[in-house]
Every structure is written in structure tokens, then in C-alpha cells.
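Enquirer: Take this structure, written in C-alpha cells, and hold onto it; I'll ask about it next.
The values are calculated or read from the model by the stated rules, or taken from the named source; none is laboratory data. This structure is a prediction, so every number in the text was calculated from the model and none was measured. Heads up, the Cβs are rebuilt from the backbone with ideal geometry, glycines too, and the neighbour counts pull from every protein chain shown.
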Amino acid sequence: MQDSKTQGGETPAPETDLLRHELGQEILMKSDCSPSASNHHNICGMIMGREAWTTSPGRRAGFSRAQQTHLMDCFPPSKGGRIVDAAQCRIYTGRHTPDGSRFICGFQDYRVGIYNTEDWSLIKDIHAKNLQWTITDTDLSPDQRWCIYSSITPWVHLVDVSSDTGVKSIANVTDIHETLALSNHRLGIWSVEFSSEGREIVAGANDAAVYIYDLQAGKTVLRLPAHMDDINSVTFADDSPNLILTGSDDHLIKLWDRRCLGTQGAPVGVFPGHTEGLTHVSSKGDGRYCISNSKDQTIKLWDVRKIMANDKFASLPPQKRQFQHWDYRWHKYPGRKLRIEHPHDVSLMTYRGHHVLQTLIRCYFSPAHTTAQRYIYSGSQDGGIYVWDVLTGKLLRRNKAHHGTVRDVSWHPTKASMVSVSWDTTIVEWSGGSNILNDTELYEDHCHCVSPEQSDSDDSDDSDDSGAADDEDDDGDYDEEPLIHSLRQDEEDGMDEDEDEDEEEDTDEEEEEDYEIEGIFAVPLPHSYESD
């Protein structure tokens, strides 16, 4: 195991040089980011070139797909947020449909909302049944006819949202909410998703198993004991129903191929690298790359071709959890000031800066159509929306978006807009603006957002001497107000009943240069990584 300790206060070498990986070249080709085209002032030159090209006989008008992507990339979602709806409760899920025409939300008050993204009118207000605590996940079928929702129960509910029964859909009153029993045993479902053809549903549950439900057969066709702890996220790796990615509280991501499970139900392989539980796994959609969000406060990028074989993983010594009494729901992460490295990490890149606390916060690739999937974005417990460059690992934006935890955020697949949902009860749309991904100063002037350098200074001023979790009153740690404000701040103040006020010792005063934590090597983070 190689030490990566700093020498004389120098910043350690990058965790990987992704530009040398073929993914970097693939993204650059799709986004037309040659050294000249990457300059946003070159847009005028691109327009002049297009006009000169189209004046020639037989030439087709318009930009190439790569040029279109580059132009859209110059105007990402950056303008101040607009509240499109506000609820009376926390909002747990929010995502666009693949065509961007619909937006589906899951609320803690047992409702699912489906919106028309053109005017943000409410198409369906689904009043769910047989839930516990909250709606944990939602999804729409590829044809947008069927909606599924799950909770901390063994059932997934199926609703026909194409029926002409009005906006309000009350379970078994105005519409039939068909109950799909995944198991006869007591369990909770954290993640659900339709297959690409809409015939099957995959689900991950707190009994460490993956479930496949066949809608035509009307039964569970596969129960796969997949992990040693809760499965918090499941997703299909590509458009086929065969490759499935799972992320668990046992710190691991596994890839499953239903065509070759065998009698033992073994995965294709394992992705070791995280040192705490997974909160979300998201595929690039090509069956080759995926990203994961973790309670170790990092996002990691993975290449399926670098997966670790099962027999090799089985031969490794077991990795003990380094912070045995830490609970991400109540406490700040004890290793926030450290770069904790898994000794057998097979990831391509690690992204840092956000806060993965209190709930299963999600992360995604940016859209292929408008950005060539050049970026990764995530919500955060501090109320922010974070955007990283896939190629460099640099934190490009920390948007002070909400007063409460941003559990989910969705980038429109074809437009320069983004929608975030938060525990502060609001749904907020961010529209296209200036080229902040290449011009951070301009973005800061207009949107009160900070570059990574400014983030360091701000956070060092705001940091306290406590290791306890931020109060759940959703006020955040900011010196300035977010761009948007909750419409029900009084209700927010009553959300503190679950917050644990226990204080822990601060790690800022540690003088040691390196640490050994249960067999996992850790070094102090350079100041540029610290955000708390």
C-alpha cells in the first residue's frame, strides 16, 4: 500500500489523471472542446463559420452535434432559482422523464406529484397508500403511462397516470393503486426503477436483497441476496434488462448479469473503494461507466472494465469500518479533514466537497445532449447543489440553493435548466445563464455562488469547534441568504425532533501527518479540498 502523505505542506498528487483515460477523449470529441473551441468567446466565430459554410451550394445548414453540445454547455443552469411549487412537508425525490416533458416528485406526506415542465402545472396529484414514514422512491414507465412508488414496506404500488380521472388520484377511490408484493416478509424498499422496455421493475431493499418484479407475470421472478447490508440504490447499467448495479451500506457496488448468475447468484464483480455506505449509484447509460455517492463524503467514478473479480475480492482481508459509532443521520463526518483511502480502490476518480448526511442523497451525470455528460452533480445536506468536472475532478460550482437538505436534483435532458427538491419543502427551477463552468467569476457576481477557492475561505470562517451534526432547522452554515427562501419557514422550525445534539471533538487541531484507521490509510486533506 502506497503512502500519499504530503511533503512539506505540498498538495498531494491528483488521485488520477483522467484526461489520459479514454473517457476524457470521448467527452472532448462529443463536446467539440478543441483548445480554440473551449473558449466561450469563440461562439461568434462558430456562427460566422456556420454562415460561411451554409452559403455554399449543397451544404446543410446548422451546427454539428458536437458544436451544439459545446454551445449548450456555454449556458448551463445558473440563474437564480424560481420556486415552482411548495409543499407542507419534506420532498424526497425529484427527476425529469427522459424527454424532459414531465417531472415527478415524492413527498413525505404520502403524495406523488407529476408536473408539466412547460408551465409547471400539476398533472397528477397521487395520494398514496400503505406507506411508512415517507415515499422512498418513484419512477415513471418509459411510455409515461404508469407510475410506481415505494416506501419502507415490502410493496411497490402501480398507478395508471394516463387515466382521465382528474388531477387528484386517491388510492382505490378515483384510481386503482395496484399493490405489487415483492415479498411476504417484513422489509423496506429504498430504490425502484422501471426497465427500459417497461416490463419489469428492479428494487433494492433493507434485507440486503435485489428484487425483480415481472409486470406481465404479476409476481417477483428473482430475489437475489446481493449484499451484507441495506441496498440503498439499484439501477440498470444500460438499456438492456440484464445488467444491474447495486450500492449498499456494506460500502460496495456490485455488477450483476442476469444471464450468468449461476446457481450461486454471483455478481460479475465488485467495486471496492468507498469506506462508508453508498447512498446512490447512477449509470452513464452506456454499460461501461457509473458514479456513486457515499457517506464517506465522496463521489467516485468507475469503469466496468476495472471491476475486481469475485475470487480476488474474496481473498482480501475484511475491511473494518473506521468510525464504529458514527451515524450519518445525526453526526458530522469525523474524517472530513482527511483523505481516507481504501487500500484496494479501483475507481477512476474521486470528487469531494459536498455533504452526504442525514439521508440518501443522489448524484448523476449531466445530460448527454447538452453537455456530453462532461459534469457530475449532486445535492447536499448543506442545502447546496454541487457540480464537478468529470475530467479534472475540480469542483466547479457550489450553489447555495436551499435552506434544507437537497436530497435530489435533476438536470433537464435537452434544455439549460435544472430542478432541485429539498427538505425545506420547495421545488426550485434554475434556468440557463452565463457560462459559469468556464467563467466562475461571472457566475459569482450574479448568483452568489462560490468557486472552490472562495469556498475554502468562507468555510474556514464559518467552521465551528463542534463535531455534531448541523441542526435540522435547515438554516445551513451560510454567511449570506440562499438565492431562494422557503415559503414556510415557520414550519421548518418545527422539524427538529429527530436531531441529535451530541458534541464530538474537533479534528482541526490534529498535528499528525498520517493516520492508520482500521487498516485504511488516511492523510490530512489539502486546504483546497476542505469545505467545512
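Enquirer: Scan region 243-252 and tell me whether some residue there is under 30 Å from residue 127 (Cβ atoms) and touching a residue at least 12 places away in the same chain (Cβ under 8 Å).
Expert: no
Enquirer: Listed residues 289, 328; which is among the aromatic types (Phe, Trp, Tyr), touching a helix residue (DSSP H, G or I) at 6+ places or on another chain (Cβ under 7 Å) and closer than 26 Å to residue 407 by Cα?
Expert: Testing whether each residue is among the aromatic types (Phe, Trp, Tyr), touching a helix residue (DSSP H, G or I) at 6+ places or on another chain (Cβ under 7 Å) and closer than 26 Å to residue 407 by Cα leaves just 289.
Enquirer: Here is a check on your reading of the model: is residue 230 assigned by TED's automatic domain parsing to the domain that holds residue 136, out of contact with any Gly (no Cβ under 7 Å at 6 or more places or on another chain), among the charged types (D, E, K, R) and farther than 15 Å from residue 148 by Cα?
Expert: yes
Enquirer: Would you mind stating whether residue 312 is charged (D, E, K, R), without any contact (Cβ under 8 Å) to a residue 12 or more places away in the chain and more than 22 Å from residue 231 (Cβ to Cβ)?
Expert: For residue 312, the condition - charged (D, E, K, R), without any contact (Cβ under 8 Å) to a residue 12 or more places away in the chain and more than 22 Å from residue 231 (Cβ to Cβ) - is met.
Enquirer: Going through region 90-111 one residue at a time, which ones are of a type in the set (Lys, Arg) and without any contact (Cβ under 8 Å) to a residue 40 or more places away in the chain?
Expert: Residues of region 90-111 that are of a type in the set (Lys, Arg), as a first pass: 90, 95, 102, 111.
111, the sole residue that qualifies.
Enquirer: I'd like the residue in region 57-82 that is in contact with a Ser or Thr (Cβ under 7 Å, 6 or more places away or on another chain) and either at pLDDT 95 or above or part of a loop (DSSP other than H, G, I, E, B) (or both) and, out of all such residues, is surrounded by the fewest Cβ atoms within 10 Å (Cβ to Cβ).
Expert: Step by step, filter region 57-82, then rank; the result is 61.
Enquirer: Considering only region 310-317, I want to know if a residue exists there that is of a type in the set (Ser, Thr, Tyr) and out of contact with any Gly (no Cβ under 7 Å at 6 or more places or on another chain). Break it down into steps so the answer makes sense when it comes.
Expert: As a first pass, look at region 310-317 and keep what is of a type in the set (Ser, Thr, Tyr): 315.
Adding the requirement that they be out of contact with any Gly (no Cβ under 7 Å at 6 or more places or on another chain) leaves 315.
Checked against the condition, which is being of a type in the set (Ser, Thr, Tyr) and out of contact with any Gly (no Cβ under 7 Å at 6 or more places or on another chain), region 310-317 yields at least one hit.
Enquirer: Kindly check whether there is at least one residue in region 247-259 that is more than 26 Å from the chain's Cα centre (by Cα), surrounded by fewer than 17 Cβ atoms within 10 Å (Cβ to Cβ) and not hydroxyl-bearing (Ser, Thr, Tyr).
Expert: For region 247-259, residues more than 26 Å from the chain's Cα centre (by Cα), surrounded by fewer than 17 Cβ atoms within 10 Å (Cβ to Cβ) and not hydroxyl-bearing (Ser, Thr, Tyr): present.
Enquirer: Report, by residue number, each residue of region 299-318 that is more than 22 Å from the chain's Cα centre (by Cα) and in a strand (DSSP E or B).
Expert: The answer is 308, and nothing else.
Enquirer: For the condition touching a residue at least 12 places away in the same chain (Cβ under 8 Å), touching an Asp or Glu at 6+ places or on another chain (Cβ under 8 Å) and of a type in the set (A, V, I, L, M, F, W, C), what is the one hit in 140, 131, 122?
Expert: That would be 122, the only listed residue that is touching a residue at least 12 places away in the same chain (Cβ under 8 Å), touching an Asp or Glu at 6+ places or on another chain (Cβ under 8 Å) and of a type in the set (A, V, I, L, M, F, W, C).
Enquirer: Okay, moving on. Given the options 305, 321, 352, name the one that is at pLDDT below 95, surrounded by fewer than 24 Cβ atoms within 10 Å (Cβ to Cβ) and of a type in the set (D, E, K, R).
Expert: 321
Enquirer: Need a quick list: strands (runs of 3 or more DSSP E) entirely within region 149-240 having at least 1 residues that are surrounded by fewer than 19 Cβ atoms within 10 Å (Cβ to Cβ) and touching a helix residue (DSSP H, G or I) at 6+ places or on another chain (Cβ under 9 Å).
Expert: 219-225
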